[in-house]
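These notes concern the structure reproduced below.
The values are calculated or read from the model by the stated rules, or taken from the named source; none is laboratory data. Just so you know, these numbers come straight off a predicted model, no measurement behind them. Backbone-built Cβ (ideal geometry, glycine too); neighbour counts: all protein chains shown. Heads up: the accessible areas ignore ligands, DNA and RNA and are worked out on the full protein's heavy atoms, side chains in. Shrake-Rupley method; radii C 1.70, N 1.55, O 1.52, S 1.80 Å.
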Amino acid sequence: MRAPEEIQADIMDALTSVIDPELGVDVVNLGLINIVDLKDDGICDLSMTLTMMGCPLQGILRREVTQALVTVPEVHHVNIDLVWEPAWTVARMSRQARLLLGIH
């Protein structure tokens, strides 16, 4: 059995493979991921905020996040909750994402 920290690191690593098609930056570095909670039964509850309400990419991002997370052996099912609080702002982006997008 793997340590929870190792599983969490694999989950976050899997999420970095999900690239926002409009911005070309992964959802972790964009600051879209709020909470990731993996239960003992393999159900992963994830809370994420999109950059804007009514984002036309909601379906694509949900599908890609789910596909990425189920590559982690301990994840058997993913529940994604799109929330608008806290609201997304540029301040949530990592330094790397701001540099990639030319935001200083």
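Looking across region 20-55, the residues that are of a type in the set (Val, Ile, Thr), outside any loop (DSSP other than H, G, I, E, B) and over 16 Å from THR71 (Cα atoms) come down to ILE33, ILE35.
Looking at region 92-104, is at least one residue part of a helix (DSSP H, G or I), in contact (Cβ under 8 Å) with a residue 24 or more places away in the chain and loosely packed, with under 13 Cβ neighbours inside 10 Å? Looking through region 92-104, at least one residue is part of a helix (DSSP H, G or I), in contact (Cβ under 8 Å) with a residue 24 or more places away in the chain and loosely packed, with under 13 Cβ neighbours inside 10 Å. Among the residues of region 1-56, the one identified as loosely packed, with under 14 Cβ neighbours inside 10 Å, farther than 21 Å from MET93 by Cβ and under 15 Å from the mean Cα position of the chain (by Cα) is ASP37.
Every condition in (1) modelled with pLDDT under 95; (2) open to solvent by 50 Å² or more (accessible area, probe 1.4 Å) is met by VAL83 except one, and the failing one is (2).
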